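**Q** Attaching a single structure in C-alpha coordinates format; questions to follow.
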Amino acid sequence: MIPATLHQLKVFETVARHGSFTRAAEELSITQPTVSSQVKQLTKAVGLPLFEQIGKSLYLTDAGTELLSTCQDVFERLTNFQMTVADLKGMKQGQLKLAVITTAKYFIPRLLGSFCQKYPGIDVTLKVTNHKTIQQRILNNEDDLYIVSNPPQEIDLYSQSFLDNPLVVVANKKHHLAGKSMVAISELDGEPFIMREQGSGTREAVLKLFNQHDISVRVRLELGSNEAIKQAIAGGLGISVLSEHCLISEGKSGELTILDIEGFPIERRWYVSYIAGKKLSTIAKTFLDYLLEESPKVTFPASSILTASVK
Ligand code: PGA
(Lines give C-alpha, C1' and ligand atoms only; values in the text may rest on other atoms or scores of the structure.)
Protein backbone atom coordinates (compact mmCIF):
# COMPACT_ATOMS: atom_id res chain seq x y z
CA MET A 1 0.00 0.00 0.00
CA ILE A 2 1.47 3.38 -1.02
CA PRO A 3 1.56 5.71 2.01
CA ALA A 4 -0.14 8.67 0.26
CA THR A 5 -2.70 11.01 1.78
CA LEU A 6 -5.90 12.08 0.04
CA HIS A 7 -4.65 15.65 0.17
CA GLN A 8 -1.48 14.69 -1.72
CA LEU A 9 -3.59 12.92 -4.34
CA LYS A 10 -5.83 15.98 -4.70
CA VAL A 11 -2.81 18.24 -5.13
CA PHE A 12 -1.28 15.88 -7.68
CA GLU A 13 -4.55 15.60 -9.65
CA THR A 14 -4.89 19.40 -9.77
CA VAL A 15 -1.30 19.88 -10.99
CA ALA A 16 -1.81 17.18 -13.63
CA ARG A 17 -5.09 18.71 -14.82
CA HIS A 18 -3.62 22.20 -15.20
CA GLY A 19 -0.12 21.10 -16.25
CA SER A 20 1.10 23.76 -13.85
CA PHE A 21 2.14 24.02 -10.20
CA THR A 22 1.21 27.70 -10.10
CA ARG A 23 -2.33 27.22 -11.38
CA ALA A 24 -2.85 24.25 -9.06
CA ALA A 25 -1.77 26.41 -6.12
CA GLU A 26 -4.26 29.08 -7.23
CA GLU A 27 -7.14 26.62 -7.55
CA LEU A 28 -6.43 25.02 -4.18
CA SER A 29 -5.69 28.34 -2.46
CA ILE A 30 -2.37 27.10 -1.11
CA THR A 31 1.18 28.27 -1.81
CA GLN A 32 3.29 26.93 -4.65
CA PRO A 33 6.00 25.59 -2.26
CA THR A 34 3.24 23.58 -0.51
CA VAL A 35 2.15 22.14 -3.85
CA SER A 36 5.75 21.24 -4.72
CA SER A 37 6.40 19.60 -1.37
CA GLN A 38 3.17 17.56 -1.52
CA VAL A 39 4.05 16.30 -5.01
CA LYS A 40 7.61 15.56 -3.84
CA GLN A 41 6.37 13.47 -0.92
CA LEU A 42 3.94 11.62 -3.17
CA THR A 43 6.71 10.94 -5.71
CA LYS A 44 8.84 9.52 -2.90
CA ALA A 45 5.97 7.30 -1.75
CA VAL A 46 5.37 6.00 -5.29
CA GLY A 47 9.07 5.54 -5.90
CA LEU A 48 8.95 6.80 -9.50
CA PRO A 49 8.87 10.29 -11.05
CA LEU A 50 5.30 11.49 -11.72
CA PHE A 51 6.11 14.53 -13.87
CA GLU A 52 8.73 15.40 -16.41
CA GLN A 53 9.64 19.04 -17.03
CA ILE A 54 10.67 19.78 -20.62
CA GLY A 55 11.40 23.46 -21.14
CA LYS A 56 8.44 25.28 -19.67
CA SER A 57 6.02 22.39 -20.14
CA LEU A 58 5.12 19.80 -17.55
CA TYR A 59 4.35 16.27 -18.76
CA LEU A 60 3.03 13.24 -16.92
CA THR A 61 5.28 10.20 -16.88
CA ASP A 62 3.74 6.74 -17.37
CA ALA A 63 3.50 6.35 -13.60
CA GLY A 64 1.93 9.83 -13.41
CA THR A 65 -0.67 8.95 -16.07
CA GLU A 66 -1.62 5.77 -14.18
CA LEU A 67 -1.83 7.66 -10.91
CA LEU A 68 -4.00 10.36 -12.47
CA SER A 69 -6.60 7.90 -13.69
CA THR A 70 -6.52 6.16 -10.28
CA CYS A 71 -7.07 9.52 -8.54
CA GLN A 72 -10.01 10.33 -10.82
CA ASP A 73 -11.64 6.97 -10.00
CA VAL A 74 -11.04 7.43 -6.28
CA PHE A 75 -12.49 10.96 -6.20
CA GLU A 76 -15.52 10.00 -8.24
CA ARG A 77 -16.25 7.06 -5.97
CA LEU A 78 -15.81 9.17 -2.86
CA THR A 79 -18.22 11.79 -4.22
CA ASN A 80 -20.78 9.09 -5.01
CA PHE A 81 -20.31 7.63 -1.55
CA GLN A 82 -20.88 11.06 0.00
CA MET A 83 -24.12 11.42 -1.94
CA THR A 84 -25.27 7.92 -1.02
CA VAL A 85 -24.69 8.71 2.63
CA ALA A 86 -26.65 11.94 2.27
CA ASP A 87 -29.51 10.02 0.65
CA LEU A 88 -29.41 7.39 3.40
CA LYS A 89 -29.77 10.19 5.91
CA GLY A 90 -32.91 11.16 4.06
CA MET A 91 -31.83 14.52 2.73
CA LYS A 92 -30.63 15.68 -0.63
CA GLN A 93 -27.26 17.09 0.21
CA GLY A 94 -24.00 17.37 -1.64
CA GLN A 95 -22.54 18.93 -4.72
CA LEU A 96 -23.72 19.51 -8.25
CA LYS A 97 -21.08 20.43 -10.82
CA LEU A 98 -22.30 21.94 -14.07
CA ALA A 99 -20.50 23.39 -17.06
CA VAL A 100 -22.61 25.25 -19.60
CA ILE A 101 -21.89 27.11 -22.83
CA THR A 102 -22.16 30.88 -22.76
CA THR A 103 -25.70 31.14 -24.11
CA ALA A 104 -27.12 28.87 -21.41
CA LYS A 105 -26.18 31.39 -18.74
CA TYR A 106 -29.39 33.27 -19.55
CA PHE A 107 -31.45 30.29 -18.54
CA ILE A 108 -29.62 27.89 -16.23
CA PRO A 109 -29.03 30.22 -13.25
CA ARG A 110 -32.78 30.93 -13.07
CA LEU A 111 -33.54 27.25 -13.16
CA LEU A 112 -30.90 26.62 -10.51
CA GLY A 113 -32.57 29.23 -8.33
CA SER A 114 -35.81 27.28 -8.12
CA PHE A 115 -33.96 23.96 -7.92
CA CYS A 116 -31.89 25.12 -4.95
CA GLN A 117 -34.99 26.43 -3.21
CA LYS A 118 -36.42 22.95 -3.46
CA TYR A 119 -33.16 21.31 -2.31
CA PRO A 120 -31.45 23.85 -0.06
CA GLY A 121 -28.74 21.40 1.03
CA ILE A 122 -27.11 21.33 -2.40
CA ASP A 123 -23.99 23.30 -3.30
CA VAL A 124 -23.71 24.13 -6.98
CA THR A 125 -20.60 24.90 -9.02
CA LEU A 126 -21.48 26.45 -12.35
CA LYS A 127 -18.83 27.05 -15.00
CA VAL A 128 -19.90 29.18 -17.97
CA THR A 129 -17.55 28.92 -20.92
CA ASN A 130 -17.29 28.37 -24.68
CA HIS A 131 -17.65 25.19 -26.70
CA LYS A 132 -13.95 24.36 -26.84
CA THR A 133 -13.35 24.71 -23.12
CA ILE A 134 -16.40 22.59 -22.33
CA GLN A 135 -15.00 19.92 -24.61
CA GLN A 136 -11.77 19.95 -22.59
CA ARG A 137 -13.71 19.78 -19.31
CA ILE A 138 -15.60 16.74 -20.61
CA LEU A 139 -12.33 15.05 -21.52
CA ASN A 140 -11.06 15.76 -17.98
CA ASN A 141 -14.32 14.49 -16.45
CA GLU A 142 -14.54 17.70 -14.41
CA ASP A 143 -18.31 18.06 -14.04
CA ASP A 144 -21.50 16.03 -13.57
CA LEU A 145 -23.48 17.50 -16.46
CA TYR A 146 -22.73 19.67 -19.48
CA ILE A 147 -25.01 21.92 -21.47
CA VAL A 148 -23.87 22.34 -25.05
CA SER A 149 -25.32 23.17 -28.46
CA ASN A 150 -23.19 20.79 -30.32
CA PRO A 151 -22.23 17.67 -28.34
CA PRO A 152 -18.67 16.76 -29.39
CA GLN A 153 -18.95 13.74 -31.69
CA GLU A 154 -15.51 12.41 -30.85
CA ILE A 155 -16.36 11.83 -27.18
CA ASP A 156 -18.64 9.01 -26.07
CA LEU A 157 -21.50 10.98 -24.52
CA TYR A 158 -25.08 10.46 -23.53
CA SER A 159 -26.90 13.56 -24.82
CA GLN A 160 -30.50 14.63 -24.74
CA SER A 161 -31.77 17.71 -26.53
CA PHE A 162 -34.16 19.86 -24.54
CA LEU A 163 -34.65 23.36 -25.98
CA ASP A 164 -34.24 25.42 -29.16
CA ASN A 165 -31.21 27.69 -29.27
CA PRO A 166 -31.56 29.62 -32.55
CA LEU A 167 -28.83 31.97 -33.74
CA VAL A 168 -30.07 35.28 -35.13
CA VAL A 169 -28.51 38.35 -36.74
CA VAL A 170 -28.51 41.20 -34.24
CA ALA A 171 -28.06 44.83 -35.25
CA ASN A 172 -28.48 48.32 -33.91
CA LYS A 173 -32.06 49.54 -34.49
CA LYS A 174 -30.64 52.30 -36.68
CA HIS A 175 -29.08 49.75 -39.05
CA HIS A 176 -30.16 50.22 -42.69
CA LEU A 177 -31.56 46.66 -42.86
CA ALA A 178 -33.59 46.98 -39.63
CA GLY A 179 -37.29 46.39 -40.19
CA LYS A 180 -36.83 44.98 -43.72
CA SER A 181 -38.25 41.54 -44.48
CA MET A 182 -36.59 38.59 -46.15
CA VAL A 183 -33.27 40.27 -46.82
CA ALA A 184 -30.91 38.23 -49.07
CA ILE A 185 -27.88 36.95 -47.18
CA SER A 186 -25.66 38.50 -49.87
CA GLU A 187 -26.55 41.89 -48.34
CA LEU A 188 -24.25 40.97 -45.46
CA ASP A 189 -21.20 40.85 -47.74
CA GLY A 190 -18.66 43.38 -46.50
CA GLU A 191 -20.77 44.31 -43.43
CA PRO A 192 -18.84 45.39 -40.34
CA PHE A 193 -19.13 42.38 -38.05
CA ILE A 194 -18.37 41.54 -34.44
CA MET A 195 -17.18 37.95 -34.19
CA ARG A 196 -16.97 35.58 -31.21
CA GLU A 197 -13.51 34.25 -30.28
CA GLN A 198 -11.77 31.11 -31.61
CA GLY A 199 -13.22 28.02 -29.91
CA SER A 200 -16.75 29.44 -29.85
CA GLY A 201 -19.52 27.23 -31.21
CA THR A 202 -21.45 30.31 -32.37
CA ARG A 203 -18.45 31.41 -34.42
CA GLU A 204 -18.17 27.98 -36.02
CA ALA A 205 -21.86 27.91 -36.97
CA VAL A 206 -21.75 31.42 -38.42
CA LEU A 207 -18.59 30.83 -40.45
CA LYS A 208 -20.06 27.61 -41.83
CA LEU A 209 -23.17 29.41 -43.08
CA PHE A 210 -21.19 32.36 -44.49
CA ASN A 211 -18.83 29.98 -46.29
CA GLN A 212 -21.74 28.09 -47.81
CA HIS A 213 -23.06 31.37 -49.23
CA ASP A 214 -19.65 32.79 -50.04
CA ILE A 215 -20.18 35.75 -47.73
CA SER A 216 -17.23 37.57 -46.31
CA VAL A 217 -18.03 39.99 -43.55
CA ARG A 218 -15.58 42.64 -42.33
CA VAL A 219 -14.59 41.50 -38.83
CA ARG A 220 -13.97 44.70 -36.89
CA LEU A 221 -13.72 43.15 -33.49
CA GLU A 222 -13.40 39.72 -31.89
CA LEU A 223 -14.99 39.38 -28.49
CA GLY A 224 -15.27 36.48 -26.05
CA SER A 225 -18.49 37.65 -24.43
CA ASN A 226 -22.04 37.81 -25.78
CA GLU A 227 -22.80 40.71 -23.44
CA ALA A 228 -19.80 42.70 -24.71
CA ILE A 229 -20.95 42.00 -28.27
CA LYS A 230 -24.37 43.45 -27.48
CA GLN A 231 -22.71 46.60 -26.15
CA ALA A 232 -20.52 46.85 -29.26
CA ILE A 233 -23.61 46.54 -31.50
CA ALA A 234 -25.37 49.22 -29.46
CA GLY A 235 -22.24 51.35 -29.85
CA GLY A 236 -22.53 51.09 -33.64
CA LEU A 237 -19.46 48.92 -34.26
CA GLY A 238 -21.30 46.47 -36.48
CA ILE A 239 -23.73 43.57 -36.55
CA SER A 240 -23.26 40.11 -35.09
CA VAL A 241 -24.88 36.71 -34.73
CA LEU A 242 -26.03 35.70 -31.28
CA SER A 243 -28.29 33.16 -29.69
CA GLU A 244 -31.79 34.55 -29.34
CA HIS A 245 -31.52 33.75 -25.63
CA CYS A 246 -28.89 36.49 -25.26
CA LEU A 247 -31.69 39.00 -25.92
CA ILE A 248 -33.77 37.93 -22.96
CA SER A 249 -33.47 41.24 -21.16
CA GLU A 250 -33.87 43.47 -24.23
CA GLY A 251 -37.21 45.25 -24.16
CA LYS A 252 -38.99 46.98 -27.02
CA SER A 253 -37.29 50.23 -26.05
CA GLY A 254 -33.79 48.71 -26.29
CA GLU A 255 -31.19 49.63 -28.90
CA LEU A 256 -30.97 46.21 -30.57
CA THR A 257 -33.04 44.46 -33.18
CA ILE A 258 -33.05 41.17 -35.04
CA LEU A 259 -32.54 41.35 -38.80
CA ASP A 260 -34.66 39.14 -41.03
CA ILE A 261 -31.90 37.58 -43.14
CA GLU A 262 -32.11 34.58 -45.48
CA GLY A 263 -30.62 31.46 -43.84
CA PHE A 264 -31.40 32.73 -40.34
CA PRO A 265 -32.16 31.79 -37.70
CA ILE A 266 -29.55 29.05 -37.68
CA GLU A 267 -31.56 26.32 -36.01
CA ARG A 268 -29.75 24.71 -33.10
CA ARG A 269 -30.75 23.04 -29.89
CA TRP A 270 -29.33 22.79 -26.43
CA TYR A 271 -28.35 19.37 -25.19
CA VAL A 272 -27.69 18.14 -21.72
CA SER A 273 -24.84 15.66 -21.84
CA TYR A 274 -22.81 13.44 -19.60
CA ILE A 275 -20.01 11.00 -20.21
CA ALA A 276 -21.39 7.63 -21.33
CA GLY A 277 -21.03 5.07 -18.57
CA LYS A 278 -20.59 7.69 -15.85
CA LYS A 279 -22.55 6.87 -12.73
CA LEU A 280 -24.56 10.02 -12.08
CA SER A 281 -24.99 11.07 -8.47
CA THR A 282 -28.55 11.23 -7.14
CA ILE A 283 -28.31 15.00 -7.20
CA ALA A 284 -27.18 15.11 -10.82
CA LYS A 285 -29.99 12.74 -11.77
CA THR A 286 -32.53 14.84 -9.88
CA PHE A 287 -31.29 18.01 -11.60
CA LEU A 288 -31.37 16.32 -15.00
CA ASP A 289 -35.05 15.37 -14.48
CA TYR A 290 -35.82 18.87 -13.23
CA LEU A 291 -34.16 20.45 -16.27
CA LEU A 292 -36.09 18.26 -18.71
CA GLU A 293 -39.35 18.99 -16.91
CA GLU A 294 -38.91 22.76 -16.54
CA SER A 295 -37.19 23.73 -19.80
CA PRO A 296 -40.31 23.54 -22.03
CA LYS A 297 -41.72 26.41 -19.96
CA VAL A 298 -38.98 28.80 -21.13
CA THR A 299 -40.25 31.65 -23.30
CA PHE A 300 -38.36 33.30 -26.13
CA PRO A 301 -37.68 37.02 -26.09
CA ALA A 302 -37.31 37.73 -29.80
CA SER A 303 -40.79 38.41 -31.07
CA SER A 304 -41.19 41.67 -29.15
CA ILE A 305 -37.86 42.91 -30.46
CA LEU A 306 -38.69 42.03 -34.04
CA THR A 307 -42.01 43.86 -33.85
CA ALA A 308 -40.32 46.88 -32.34
CA SER A 309 -38.08 47.20 -35.37
CA VAL A 310 -40.75 47.03 -38.08
CA LYS A 311 -41.44 50.52 -39.35
P1 PGA B 1 -20.25 29.36 -27.68
O2 PGA B 1 -21.52 28.45 -27.68
O3 PGA B 1 -20.24 30.16 -26.41
O4 PGA B 1 -19.11 28.37 -27.76
O5 PGA B 1 -20.32 30.24 -28.88
C6 PGA B 1 -22.75 29.04 -27.62
C7 PGA B 1 -23.78 28.11 -28.17
O8 PGA B 1 -23.39 27.12 -28.81
O9 PGA B 1 -24.98 28.36 -27.95
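The values are calculated or read from the model by the stated rules, or taken from the named source; none is laboratory data. No experiment lies behind these values; they were computed from the predicted model shown. All Cβ positions, even for glycine, are placed from backbone atoms using ideal geometry, and neighbour counts span all protein chains on display. SASA here: full protein model, heavy atoms, side chains in, ligands and nucleic acids out. Shrake-Rupley method; radii C 1.70, N 1.55, O 1.52, S 1.80 Å.
**Q** What does the charge dipole of the chain about its Cα centre add up to, to the nearest 20 debye, if the Cβ of each Lys and Arg holds +1 and the Cβ of each Asp and Glu holds -1? Kindly include the intermediate steps, with their values, before the conclusion.
**A** On the way: 33 positive and 33 negative charges, 134 e Å.
Once rounded to the nearest 20, the dipole reads 640 debye.
**Q** Let me spell out the model: positive unit charges on the Cβ of Lys and Arg, negative unit charges on the Cβ of Asp and Glu, origin at the Cα centre of region 6-71. What dipole size does that give, in debye rounded to 20?
**A** For this selection, approximately 160 debye.
**Q** Ordered by residue, what ³J(HN,Hα) values in Hz, to whole numbers, does region 10-18 give under the Karplus form 6.51 cos²θ - 1.76 cosθ + 1.60, where θ = phi - 60° and Gly and Pro are x?
**A** 5, 4, 4, 4, 5, 4, 5, 5, 8
**Q** At q = 0.12, 0.17 Å⁻¹, what base-10 log of I(q)/I(0) does the Debye formula yield for region 19-160 when every alpha carbon is treated as an equal point scatterer in vacuo?
**A** -0.69, -1.19
**Q** Over the chain, what percent of the accessible surface lies on carbon and sulfur atoms, probe 1.4 Å?
**A** 52
**Q** Rounded to whole Hz and in sequence order, give me ³J(HN,Hα) for region 157-168 from the Karplus expression 6.51 cos²θ - 1.76 cosθ + 1.60, θ = phi - 60°, writing x for Gly and Pro.
**A** Working through the residues one at a time gives 10, 9, 10, 10, 7, 9, 7, 5, 9, x, 9, 10 Hz.
**Q** Rounded to the nearest 20 Debye, what is the dipole magnitude of region 167-268 about its Cα centre when Lys and Arg each give +1 and Asp and Glu each give -1 at the C-beta?
**A** It comes to approximately 220 debye.
**Q** Out of residues 5 or more away from Val124 or on other chains, whose amide H comes under 5 Å of its own, with H placed 1.01 Å from N in the peptide plane?
**A** Excluding prolines and chain starts, which carry no amide H, the hits are Leu96.
**Q** Under the 0.36 nm per residue contour assumption, what length would be gained going from the current alpha-carbon distance of Asp123 and Ile155 to full extension?
**A** Extra length available between Asp123 and Ile155 comes to 8.8 nm.
**Q** Roughly how tilted is helix 32-46, in degrees to the nearest 10 and between 0 and 90, from the longest Cα axis of the chain?
**A** That helix lies at roughly 50 degrees to the long axis.
**Q** Each label point is 7 Å from the Cα along the Cα-to-Cβ direction; what then is the distance between the points at Gln136 and Ser37, in nm?
**A** Distance between label points: 3.1 nm.
**Q** Over 23 Å between Cα atoms, which of Lys10/Lys44; Lys105/Lys285; Lys180/Lys297 qualify?
**A** Correct reply: Lys180/Lys297.
**Q** What whole-number value in Å² describes the accessible area per residue of region 81-223 for a 1.4 Å probe? Don't skip to the end; give the middle numbers.
**A** Details: 7210 Å² over 143 residues.
I get 50 Å² per residue for region 81-223.
**Q** If you don't mind, another one. DSSP beta bridges in region 35-183, what fraction antiparallel, as a percent rounded to 5? Don't skip to the answer; put the middle values down first.
**A** On the way: 4 of 15 bridges.
Restricted to region 35-183, the bridges split so that about 25 percent are antiparallel.
**Q** May I ask for log10 I(q)/I(0) of region 174-311 at q = 0.08 Å⁻¹, from a Debye sum over the Cα atoms as equal point scatterers with solvent left out?
**A** Here log10 of I(q) over I(0) equals -0.28.
**Q** May I ask for the Rg/Rh ratio of the chain, computed from Cα atoms with Rh as the Kirkwood radius, given to two decimals? Before the final figure, lay out the partial values.
**A** Details: Rg = 23.2 Å, Rh = 22.1 Å.
Result for the chain is an Rg/Rh of 1.05.
**Q** Run the simple label-point estimate for Ser29 and Thr299 please: 7 Å along Cα→C-beta, distance reported in nm.
**A** Here the modelled spin labels are 4.0 nm apart.
**Q** Taking R0 as 30 Å, what's the FRET efficiency between Cys116 and Glu227 from their Cβ-Cβ distance, rounded to 0.05?
**A** Once rounded, the FRET efficiency stands at 0.80.
**Q** Over all alpha-carbon pairs in region 107-170, figure out the percentage whose distance exceeds 14 Å.
**A** Roughly 66 percent, rounded to a whole number.
**Q** Under the rule of at least 5 residues apart or a separate chain, name every residue whose amide H is placed under 5 Å from the amide H of Thr61.
**A** So Thr61 has HN proximity to Phe51, Glu52.
**Q** Over its Cα atoms, what ratio of radius of gyration to 2.2 N^0.38 Å does region 6-71 give?
**A** With N residues counted in region 6-71, Rg over 2.2 N^0.38 Å equals 0.98.
**Q** Grab the beta carbon distance between Tyr59 and Ser253, set R0 = 41 Å, and tell me the FRET efficiency rounded to 0.05.
**A** Calculated value: 0.15.
**Q** Rounded to the nearest 500, what is the chain's calculated 222 nm mean residue ellipticity when only DSSP H runs of at least 4 contribute -39500 (n - 2.57) each, over all residues?
**A** -12500 deg cm²/dmol, from helical runs alone.
**Q** Also, quick follow-up: Quick query: amide H of Leu221 versus all other amide H atoms, modeled in the peptide plane; which residues come in under 5 Å with a sequence gap of 5 or more or a different chain?
**A** Amide H neighbours of Leu221: Phe193, Met195.
**Q** Still on this model: Using the Karplus equation 6.51 cos²θ - 1.76 cosθ + 1.60 (θ = phi - 60°), what ³J(HN,Hα) coupling, rounded to whole Hz, does each residue of region 188-199 give in order, writing x for Gly and Pro?
**A** Result, ordered by residue: 7, 4, x, 5, x, 9, 10, 10, 5, 6, 4, x Hz.
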